[in-house]
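See below for the structure under consideration.
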Amino acid sequence: MKKDLLRILDLTDRDILALLSSGAAWKRRAGRKNAPRPLAGKTLGMIFQKASTRTRVSFEVGMTRLGGHAVFMSPEDTQIGRGEPIRDTGRVLSRYADAVMIRTFAHSVAEELAASSTVPVINGLTDDHHPCQILADLMTAAERGKNPRKMRVAFIGDGNNVANSWVEAAHVLGFPLRVACPKGYEPAAAVRMEAHRLTGCRGDVRIVRDPAEAARDADVLYTDVWTSMGQETERRRRLAAFKGYRIDADLLAAAAGDAIVMHCLPAHRGEEITDEVIEGPHSAVFDEAENRLHVQMAILEKLVRH
């Protein structure tokens with residue numbers, strides 16, 4: 001039976017830890033001439049309805065390193081742009097490719113694609129969830145000595161798709177998470193309730209208004225842009241709402257002495273994070289970006305090979 005990865009709740013705690021271990025193994029093998037190529041002859045179809053740097057390059061390079069091939073598809077290059085239903089696209093791609101990755105707006109589009117496909121579907125990002133990013137984040141935290149089951153995480157800023165996926169990860173793995181955001185910008189209530197219910201109330205997730213309260217003794221400080229793709233018309237209002245929610249040296253000082261700082265990129269330096277922090281000794285931002293490649297190789301191997 002095929003398995004999809006549309007959100008973190010599609011994984012158990014053991015699944016997540018196994019993917020982190022596999023991703024670390026692929027990272028150690030990087031550059032080796034005799035590295036295994038378990039997906040030789042396999043093809044990944046990649047549907048992009050949102051612009052991308054890290055998602056496109058990491059999946060394409062990952063498939064190449066695994067011995068397979070990736071096909072990039074944008075709306076302008078396919079019949080999707082002319083109105084072909086996503087369910088028809090899924091049924092057709094299932095007859096060509098061994099898996100499909102989609103980066104789109106509404107999460108329902110990814111769900112419809114998965115429902116109509118007979119091959120695994122991977123969510124490369126939707127407006128509601130970003131599971132591959134959070135797996136890379138967890139891998140980064142683990143390699144920096146943080147325990148994914150016990151680390152204290154502070155998410156500062158907009159309760160967006162990345163925050164939703166952090167909420168799910170906290171419930172699945174059981175670590176404490178504090179989300180500091182202005183009123184009206186919380187992670188989705190439906191996501192929080194479903195994660196709480198499906199994991200048997202595991203995890204300690206709290207919404208706070210004071211960034212310093214969230215950051216206090218945190219092992220991981222995390223942020224994302226205040227204005228995501230598709231929200232450009234809200235930019236002025238958002239800049240006003242998130243004033244005071246920036247990760248800077250003062251906020252970092254409230255965290256644990258060996259805390260790491262992460263950002264899923266691209267960053268609006270000077271808004272949600274300062275140059276001083278993103279370029280400073282606590283920053284794991286670029287290791288985190290690299291680990292998208294390695295953990296996605298683990299995902300592809302797990303979903304396509306088995």
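Laboratory data are not the source of any read-out in this text; all were calculated from the coordinates shown. For clarity, every value in this text was computed on a predicted model and none was experimentally measured. Cβ sites come from the backbone with ideal geometry, for glycine too, and all protein chains shown count toward neighbours.
Take the Cα of residue 74, step 7 Å toward its Cβ, do the same at residue 57, and the gap between the two points is 1.6 nm. Roughly how tilted is helix 13-29, in degrees to the nearest 10 and between 0 and 90, from the longest Cα axis of the chain? Result, in degrees: 80. Where is the GNM fluctuation largest for the chain (alpha-carbon springs, 10 angstrom cutoff): 292, 192, 82? Its mean-square fluctuation being the largest, the pick is 82.
For the stretch 191-263, the equivalent ellipsoid derived from the alpha-carbon gyration tensor has semi-axes of 23, 21, 11 Å in decreasing order. Relative to the dominant Cα principal axis of the chain, helix 285-305 is inclined by about 40°. Computed on the Cα trace of the stretch 145-283, the radius of gyration divided by the Kirkwood hydrodynamic radius gives Rg/Rh = 0.95. When the inverse distances between all different Cα atoms of the chain are averaged and flipped, the Kirkwood radius reads 19.6 angstrom. Restricting the calculation to alpha carbons of the stretch 261-306 gives Rg and Dmax of 14.2, 45 angstrom. Only lysine pairs 8 or more places apart or on separate chains count here, and in the chain those with Cα atoms under 23 Å apart total 11.
Values of log10 I(q)/I(0) for the stretch 87-141 across q = 0.17, 0.20, 0.24 Å⁻¹ run -0.53, -0.68, -0.87, by the Debye formula with one identical scatterer at each alpha carbon and no solvent. The value for the stretch 224-306 of Rg(Cα) / (2.2 N^0.38 Å) is 1.36. With R₀ fixed at 25 Å, the C-beta to C-beta distance from residue 198 to residue 231 puts the FRET efficiency at about 0.30.
Considering only alpha-carbon pairs that sit under 8 angstrom and 6 or more positions apart, the relative contact order computed for the stretch 145-283 is 26 percent.
Based on C-alpha pairs under 8 angstrom that are at least 6 apart in sequence, the stretch 220-302 has a relative contact order of 35 percent. Normalising the average separation of contacting C-alpha pairs (under 8 angstrom, six or more residues apart) by the number of residues puts the relative contact order of the chain at 21 percent. Rounding to the nearest 10 and keeping the result within 0 to 90°, find how far the Cα-based axis of helix 131-143 lies from the longest principal axis of the chain. Taking the Cα atoms of the chain, the angle to 131-143 is about 60 degrees. Summed over qualifying helices (DSSP H, 4 residues or more, each -39500 (n - 2.57)) and divided by its residue number, the chain shows a 222 nm mean residue ellipticity of -12500 deg cm²/dmol. Based on the Cβ-Cβ distance of residue 279 and residue 14, what FRET efficiency does E = 1/(1 + (r/R0)^6) give at R0 = 45 Å, to the nearest 0.05? That pair, residue 279 with residue 14, gives E of 0.80.
Expressed in Å, the radius of gyration and Dmax of the Cα atoms of the stretch 30-139 are 14.0, 44.
Counting 0.36 nm for each residue step from residue 143 to residue 248 and taking away their Cα separation leaves a gain of 35.4 nm. Note on the stretch 1-61: Rg/Rh from C-alpha atoms, Kirkwood Rh, equals 0.98.
Extension gain, residue 33 to residue 265, is 80.5 nm, computed as 0.36 nm per intervening residue step minus the present C-alpha separation.
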